[in-house]
Amino acid sequence: MINLYNIDCMEALKEFKDNQFNLAIIDPPYGIGISGQKEVKKKRAQRNRSGAQNRKYHKEKKWDNEIPNKEYFKQLFRVSKNQIIWGANYFVEHLNKGKKGWVIWDKQQKGLWSSDGEIAYTSFNKPTRIFLQNRIILQQEGGTIHPTQKPVKLYEFLLMTYAKEGDKILEIGTGSGYQAAILSEIGCKVYSIERHRDLYLKAKKNLFDLNVSVKLFYGDGYLGLPDYSPFDKIIVTAGAPEVPDQLKKQLIIGGILVIPVGIGSQNMKVILKTGLNDYELISEYKNFKFVPLLRKKQ
């Protein structure tokens with residue numbers, strides 16, 4: 001599930017609870033005045049050789065004239081257990097915890113007007129890593145929507161390297177198996193239920209072809225998997241008329257259930273288990289459309 005906010009970062013950070021996020025990956029303004037980008041048109045022959053398209057124009061918006069202030073970093077460290085902060089060499093005054101696990105993106109474009117690479121601070125005591133990826137990949141990925149955009153493969157590397165491993169996750173509604181595969185690849189222990197036999201068989205083949213480790217079950221998602229509980233997180237990918245008690249009971253204390261609730265359209269509810277029989281609705285987002293969560297196998 002992706003929650004997308006259009007809000008000032010400082011306003012948003014103040015609303016989040018202490019340690020609400022396991023990992024924060026941020027790319028704040030570096031304060032170097034690069035908040036726009038001129039269009040560069042390549043000749044057809046050049047495009048054919050490199051595979052790159054014309055570089056997109058980005059209007060100058062003056063958002064990169066200064067770095068975030070001390071309060072921004074204070075709130076960031078408050079709401080997240082771990083952090084990856086791009087442009088860390090510009091924020092040394094605000095990084096007062098020395099860690100060895102820095103990340104360097106080597107752009108493989110030497111001697112241009114821009115830096116040969118970018119540096120990220122991480123809160124992890126892991127060896128420093130260098131990620132090699134020519135910046136031309138941004139054009140091959142379809143161009144940029146932001147002048148300081150970073151490649152998809154770079155973020156895949158970060159998640160694979162630094163996202164929390166070992167979470168035991170129950171997924172209700174396997175579908176194609178794509179989400180289960182991603183969760184598995186970042187080190188989660190994934191248990192997934194699909195009630196439609198044809199989808200179950202297709203997902204089983206997809207996961208086999210991808211060679212990922214997911215425990216896949218053909219069954220009734222309403223019932224969960226009590227024999228394999230408790231789970232750190234339960235993700236439901238179909239709309240339920242109400243939150244099934246059976247699923248809430250299968251969470252560990254401190255575990256989280258994400259489920260769309262409603263008939264026709266749904267509200268996405270994020271529920272935290274705070275005690276043996278106590279639960280707290282920590283977030284709710286409106287106007288989603290999911291297929292209905294149905295009972296029994298089909």
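Structural remarks
- Note on the range 190-204: residues that are over 19 Å from residue 295 (Cα atoms) and in a strand (DSSP E or B) total 1.
- Wholly enclosed strands (runs of 3 or more DSSP E) of the range 216-283 bearing at least 3 residues out of contact with any strand residue (DSSP E or B) (no Cβ under 8 Å at 6 or more places or on another chain) and within 21 Å of residue 174 (Cα to Cα): none
- Residue in the range 48-57 that is of a type in the set (Phe, Trp, Tyr) and either at pLDDT below 75 or closer than 21 Å to residue 14 by Cα (or both) present: yes
- Only a single item in (1) in contact with a helix residue (DSSP H, G or I) (Cβ under 7 Å, 6 or more places away or on another chain); (2) within 25 Å of residue 189 (Cβ to Cβ) is not met by residue 295, and it is number (2).
- Restricting attention to the range 90-128, the residues that are of a type in the set (D, E, K, R), loosely packed, with under 13 Cβ neighbours inside 10 Å and more than 25 Å from the chain's Cα centre (by Cα) add up to 2.
- Every pair of residues 6+ apart whose Cβ atoms lie under 8 Å, when the first sits in the range 265-292 and is within 16 Å of residue 241 (Cα to Cα) and surrounded by 14 or more Cβ atoms within 10 Å (Cβ to Cβ) while the second is aromatic (Phe, Trp, Tyr) and at pLDDT below 85: 266/288; 266/290; 267/285; 267/288; 268/285; 268/288
- Qualifying residue in the range 243-254 (condition: within 24 Å of the chain's Cα centre (by Cα), of a type in the set (A, V, I, L, M), closer than 22 Å to residue 195 by Cα and at pLDDT 90 or above): yes
- Matching residues, the range 78-89, being in a helix (DSSP H, G or I) and either crowded, with 17+ Cβ neighbours inside 10 Å or among the β-branched types (Val, Ile, Thr) (or both): 79, 88
- Qualifying positions in the range 73-84 - modelled with pLDDT under 90 and in contact with a helix residue (DSSP H, G or I) (Cβ under 9 Å, 6 or more places away or on another chain): 76, 79, 82, 83, 84
The values are calculated or read from the model by the stated rules, or taken from the named source; none is laboratory data. The structure displayed is predicted, hence computed values, not measured ones. Backbone-built Cβ (ideal geometry, glycine too); neighbour counts: all protein chains shown.
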